[in-house]
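> Questions regarding the structure given below will be posed in turn.
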Amino acid sequence: MLIVLSGYYGFDNAGDEALLSAICSSIQRIEPDAEFVVLSGCPQKTEKLHQLHAVDRMSPWQVLKVLRQADLLISGGGSLFQDVTGPRSLPYYISIVALAKMLGKPVIFYAQGVGPIQRRFSKFLLRWWGNKVEMITLRDNSSMELLRELGVVRPPTYVTADPVFTLDPAKEHYVRTVALLERYQLKPGKLLGISVRPWAALINMRTELARLLDNLVLEGYQAVFIPMNYSQDLPESRLIASMMQEQATVLEENLSSMEMIALMTNFKMVIGMRLHSLIFAATRGIPFAGISYDPKIDAFLRSFELEPLNGPYENMYEQISLLLQDENRQHHIRLQAEDFRNRAQQNAPMALSLIK
């Protein structure tokens, strides 16, 4: 049984690498003999990190070769079908789907978050090829609504949950994170995890966010910046830390996704712009606040009865203070995360049901 995986893999994005780990581990729990080929932006890096065979996702001949051999194409998870990051992203992922279908292979959109989609051509591509896949699972209700609006109505479609909710770090990951905190002289108890990314909307929030963190540090908390996408987020983390009057720590290590999940257990709270920084926190039952730059953040926050953390400073400070004082919040997060974990476990058997 050979399964090909198409997603944003091999780009040092902890969230997407966690998705790859979660998808493969969930399938192998059911089918231990399942084999995988990953379409990767850096096959060598993917093979080293995940011990999975990978090929260059931009090589037409390599992609064609593995799809010819495949029993199933998994497209996802993550936010592959959107066009706000550029006009070529969605057509690329749809082209992989189209090639698989022309080769007669079953295809599943696996726990995807869909949108935003603004371009007419993008909408046409997703409607045309989305109606030709065998099954769709989605990570939120907003994605279901958008697909219905676009006219993707033929395949069986289910709202499950992000596959990352099924992940559990090993003991070795916790050991490494303890050593990491010791190197930075950080003590668990009043640590705040901060995840930022470069985005036009954040430019106007940098000063407000730095002011917010300064006041929290003065109250005894320690601000710790975690680059989720190492090459992109590290410069942004350093910039905002430099704008603070009080001391903050920027983790300079390029941590694996499992190490980041383990790291979350040491935080009192996470303030995140990256969706998977919030998901990582939720899987460990850690309170979180999300800075909205994309509807996927809003959708995830709504599922936990939270509002986005957007300025001005006074509003952000009040919201964070309430979350830090809410003794029931951690219990509520654990209950909701367990529900998401159960729903996320539905994805793998649904995908395997498509293999004859």
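> Given Cβ point charges of +1 (Lys, Arg) and -1 (Asp, Glu) and nothing else, what value in debye, to the nearest 20, does the dipole of the chain about its Cα centre take?
Working: 36 positive and 37 negative charges, 240 e Å.
Magnitude of the dipole: close to 1160 debye.
> Excluding residues on the same chain fewer than 8 positions from K190, give the lysines whose Cα lies under 29 Å from its Cα.
Once the sequence-local lysines are set aside, what remains near K190 is K171, K268, K296.
> S95 to L186: FRET efficiency via 1/(1 + (r/R0)^6), r the Cβ-Cβ distance, R0 41 Å, to the nearest 0.05?
0.35
> For the chain, what is the mean residue ellipticity at 222 nm derived from helices alone (per DSSP H run of n ≥ 4: -39500 (n - 2.57); sum divided by total residues; nearest 500 deg cm²/dmol)? Can you show the working numbers first?
Numbers: 15 runs with 171 residues, N = 356.
Rounded to the nearest 500, the figure is -14500 deg cm²/dmol.
> Now for a separate question. Taking R0 as 51 Å, what FRET efficiency do you get between K171 and F124 from their Cβ-Cβ distance, rounded to the nearest 0.05?
Taking R0 as 51 Å, the efficiency between K171 and F124 is 0.55.
> Additional query: In whole Hz and in residue order, list the ³J(HN,Hα) couplings for region 43-51 that follow from phi through the Karplus curve 6.51 cos²θ - 1.76 cosθ + 1.60, θ = phi - 60°; x for Gly and Pro.
x, 4, 5, 5, 5, 5, 6, 10, 6
> Cα to Cα, under 28 Å, and not fewer than 8 places away if on the same chain: which lysines meet these conditions relative to K356?
Filter leaves K65, K101, K105, K132.
> Of the peptides 318-327, 274-283, how do they stack up when ordered by the mean number of other Cβ atoms within 10 Å, highest first?
The peptides rank, most packed first, as 274-283, 318-327.
> Quick one: dipole size for region 127-270, taken about the Cα centre, charges +1 on Lys/Arg Cβ and -1 on Asp/Glu Cβ, in debye to the nearest 20.
Roughly 200 debye, rounded to the nearest 20.
> Take every Cα-Cα pair in region 276-356 and report what % of them are more than 16 Å apart. Provide the component values of the computation, followed by the final result.
Working: 1880 of 3240 pairs.
Pairs farther apart than 16 Å: 58 percent.
> Out of every Cα-Cα pair in the chain, what percent are more than 32 Å apart?
So the portion of pairs separated by more than 32 Å is 30 percent.
> Could you pull out which residues in region 80-107 have an amide N less than 17 Å from a spot 7 Å beyond the Cα of L64, following the Cα-Cβ vector?
Backbone N within reach: 95-105.
> Here is a further query. Looking at N141, A34, F11, which one has the Cα that reaches farthest to the positive end of the dipole of the chain (charges on Cβ: Lys, Arg +1; Asp, Glu -1)?
Sorting the options by dipole projection puts first A34.
> I need the peptides 63-73, 223-233 ranked by packing, meaning the mean over residues of other C-beta atoms within 10 angstrom, with the highest value on top.
Top to bottom by mean Cβ count within 10 Å: 223-233, 63-73.
> Against the 2.2 N^0.38 Å scaling, with N counting residues, where does region 2-159 land? I'd like the Cα-based Rg ratio to two decimal places.
Scaled against compact globular proteins, the figure is 0.97.
> May I pose another question? Going by the alpha-carbon gyration tensor, a ≥ b ≥ c the square roots of its eigenvalues, is region 72-123 rounded (a/c under 1.5) or, if a/c is not under 1.5, prolate (a/b greater than b/c) versus oblate?
oblate
> In what sequence, highest mean first, do 179-187, 97-105 appear when ranked by Cβ atoms within 10 angstrom?
Ranked by mean Cβ neighbours within 10 Å, highest first: 97-105, 179-187.
> Whose amide H sits under 5 Å from the amide H of L138, counting only residues 5 or more places off or on another chain, with H placed in the peptide plane?
Counting only residues 5 or more places away or on other chains, the set is A111, Q112, Y158, V159, T160.
> Once the Cα atoms of region 171-340 are picked out, what are the Rg and Dmax in Å?
So, for region 171-340, Rg and Dmax equal 14.7, 41 Å respectively.
> Ok, one more. Which length gain, in nm to one decimal place, applies between L239 and V178 when the Cα-Cα distance is subtracted from 0.36 nm times their residue separation?
19.4 nm
Quick note: the coordinates plus some simple rules give every number you see, no bench work behind them. Please read all numbers here as calculations on a predicted model, not as lab measurements. Counting neighbours? That spans all protein chains shown, and the Cβs are built from the backbone with ideal geometry, glycine included.
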